[in-house]
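So the structure is just underneath, and the comments pick up after that.
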Amino acid sequence: MTKPDGKTTMKIFIADDSPVVRARLLTMLSDFDQMEVVGQASTVQEARNGIATKRPDVVILDVRMPGGTGIDVLHSLKKKHGLPVVIIFTNFPYDQYRSRCFEAGADYFFDKSTEFDKMLGVFEKLASKIGPGRSI
């Protein structure tokens, strides 16, 4: 997306059933001028609908949400939209989830309780790639 001032922004969608986590992510992402949160969801169905209409560049998905799993959303995202970046952000960092997410096409997988700063590093890296005429 290009802002009226000619700057390119990265569109981000957050799908997590915790309002506290969504608020923390919004606070973190507000530090980046190049990023815009275009939607949020707390259920699998809201995530599917929001992502389909907003067409974000990056999706942050929780593994467990009402109505299914983030892995279900991930499967449909990669089939329908081919999103460039999907970040799994979960309280369930078990190997079986990690493997299933990467097999389904996740780009990153982070534990909410111990790896928040690592996710921040990913956004710093992505932000550095954005500029006029450039995309992630």
At a threshold of 8 angstrom on Cα-Cα distance, excluding pairs fewer than six apart, so keeping six or more, what relative contact order does the chain reach in percent? 24 percent
Which one of Val21, Val44, Val63 has the biggest mean-square fluctuation once the chain is modelled by GNM with Cα springs under 10 Å? Val21
Between beta-carbons, use under 10 Å as the cut-off and find the net charge around Arg64, counting Lys and Arg +1, Asp and Glu -1. -3
Under a point spin-label approximation (7 Å from Cα along Cα-to-Cβ), what is the Lys78-Lys54 distance to one decimal in nm? 2.2 nm
Size of the dipole of the chain about the Cα centre, Lys and Arg at +1 and Asp and Glu at -1 on the beta carbon, nothing else charged, in debye to 20? 440 debye
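So if we plug the beta-carbon distance of Asn91 and Gln45 into 1/(1 + (r/R0)^6) with R0 = 25 Å, what FRET efficiency do we get, rounded to 0.05?
E(calc), rounded to 0.05, equals 0.75.
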If R0 is 25 Å, what FRET efficiency do you get for Phe102 and Lys125 from their C-beta distance, rounded to 0.05? 0.85
Which whole-number percent of Cα pairs in the chain have a distance greater than 22 Å? 31 percent
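Coordinate-derived values only; no laboratory data. A quick note: this is a predicted structure, and the numbers were derived from the prediction, not measured. Glycine gets a Cβ as well: all are built from the backbone with ideal geometry, and neighbour counts include every protein chain shown.
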